[in-house]
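The values are calculated or read from the model by the stated rules, or taken from the named source; none is laboratory data. Values in this document were obtained by computation on a predicted structure and should not be read as measured data. Using ideal geometry, Cβ is built from the backbone for each residue, glycine included, and neighbour counts are taken over all protein chains shown. With ligands, DNA and RNA removed, areas are computed over all heavy atoms of the protein, side chains included. Shrake-Rupley method; radii C 1.70, N 1.55, O 1.52, S 1.80 Å.
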Amino acid sequence: MAKILIVDDSKTSRKFLRNMLEDAGHEIVSEAVNGVEGVFRLYKPDVVTMDITMPVMDGIEAVREIIEIDPGAKVIMVTAAGQKTNMVEALKRGAADFIQKPFDSAV
């Protein structure tokens with residue numbers, strides 16, 4: 001069971017991820033609505049799911065800051081189709097992997 005922080009400005013996406021991850025046996029330690037809230041100094045989750053496009057601080061900048069704080073952090077980017085350039089940039093900045101919206105919990 002992993003402790004997970006969900007970072008997404010979409011309430012619907014956060015709820016879907018929460019339900020899917022809790023159904024898989026994981027613990028959601030917190031949710032955040034932008035990159036600033038998602039820089040996880042207080043939470044120390046095992047995994048962070050990070051949306052790319054958000055207000056205040058986007059996911060790419062948040063990944064950079066998280067990896068700077070904790071080089072071993074596991075950040076999984078969540079993005080809509082058509083964001084290939086942003087995905088490449090997020091992976092360069094330290095993201096571990098990515099998943100695409102819309103979600104398919106059967107995978």
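Details
- Accessible surface of the stretch 1-75 [probe 1.4 Å, protein heavy atoms]: carbon and sulfur percent: 52 percent
- With each label modelled as a point 7 angstrom along the Cα→C-beta vector, the Glu22-Met1 pair spans 1.3 nm.
- Residues of the chain: accessible area per residue with a 1.4 Å probe, Å²: 55 Å²
- Flagged links, alpha-carbon separation over 25 Å, of Lys44/Lys84; Lys11/Lys92; Lys15/Lys44; Lys3/Lys84: Lys44/Lys84; Lys11/Lys92; Lys3/Lys84
- Rg over Rh, two decimals, the chain (C-alpha only, Kirkwood Rh): 0.92
- FRET efficiency for the Ile99 to Asp70 pair, using the beta carbon distance and R₀ = 22 Å, is estimated at 0.55.
- Length-normalised contact order of the chain in % [C-alpha pairs under 8 Å, at least 6 apart]: 23 percent
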